[in-house]
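Below is one structure, written out as structure tokens, with a few remarks after it.
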Amino acid sequence: MKRNIIAIVATALMGMTAVSAVAQTTSLNYGVKAGVNCSSMILSDDFNVLKTEVKPGADFGGFMRINLHENFAIQPELEFYYRGTGIKAEAGPVSLENKINQWGMQIPVYALGKVELGKGLFYGGVGPYVGVGFSAKTDEIEFAVFKKDPIDLYEQHNDKSALQRWDVGVACQLGYEFANGIQINAGYKYGFINQVDDLKSTVNDVASRFGTSLKDDAYKANASVFTVGLGYRF
């Protein structure tokens, strides 16, 4: 896994370097950004005993803006994130709450429109992203006298893990850049890849202790993340 992460980061950096070389005749800007995210998962109706709740997290990273025109740019970004997605299981009178603590990295590439507004720059963009999770674990599970250690949702059993490590989706953002380079921004990401790999087995492992189980259907969970943050263009 460490080799894969190193390879991904190296590929991303080499890609940005290559883009810089190709874009010698264009104007380039670099910057950093950080913010707060609110993440959840959009579940299919098959999850009859499970719901997700929005919880706060954080992300940080950097960007490179390739100015192709005064009103248009391409902006690849490299982001690292922590997400805390709340989960709640209900079966009759029994209710159990927990949280998925997820660390990972994403590389969005935005087609960015920009226009001067006041003394600054208003911008908005949309584009694809690819992401990979480094770690995903629940909190310790407690209910009455029952306790279970945190579950590693990326741990593989029979070549499957509870959650999918990879994701691909669409990202969008809006922001305003002041004349001094400080930015305020907001964004949203939606994942196209079903994050359920073998989550049913993991949930049933816990739910069976309460005398219930999931239906035998196709389960789908898609990442949904709102972000608000600050940035600085050098």
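The values are calculated or read from the model by the stated rules, or taken from the named source; none is laboratory data. Keep in mind that this is a model prediction, so the values were computed, not measured. Neighbour counts are summed over all protein chains in view; Cβ atoms, including those assigned to glycine, are modelled from backbone coordinates with ideal geometry. Accessible surface is based on the protein model in full, side chains and every heavy atom, while ligands, DNA and RNA are left aside. Shrake-Rupley method; radii C 1.70, N 1.55, O 1.52, S 1.80 Å.
Largest accessible area first, the listed residues 140, 70 line up as 70, 140 when surface is computed with a 1.4 Å probe on the assembled protein chains. Rolling a 1.4 Å probe over the heavy atoms of the protein chains gives the stretch 106-203 an accessible area of 51 Å² per residue. Placing 129, 232 in order of accessible area, with the largest value first and a 1.4 Å probe, yields 232, 129.
Computed with a 1.4 Å probe over protein heavy atoms only, the accessible area of residue 159 comes to about 130 Å².
Calculate the length of the line joining the C-alpha centroid of the stretch 101-118 to that of the stretch 55-98, in whole Å. Taking the Cα centre of the stretch 55-98 as reference, the centre of the stretch 101-118 is 11 Å away. Taking other residues whose beta carbon is less than 14 angstrom from the beta carbon of residue 139, and scoring Lys, Arg as +1 and Asp, Glu as -1, yields +1. I'd like the accessible area for residue 116, computed on protein heavy atoms only with a 1.4 Å probe and all protein chains in place. Round to 10 Å², please. Answer for residue 116: close to 150 Å² accessible.
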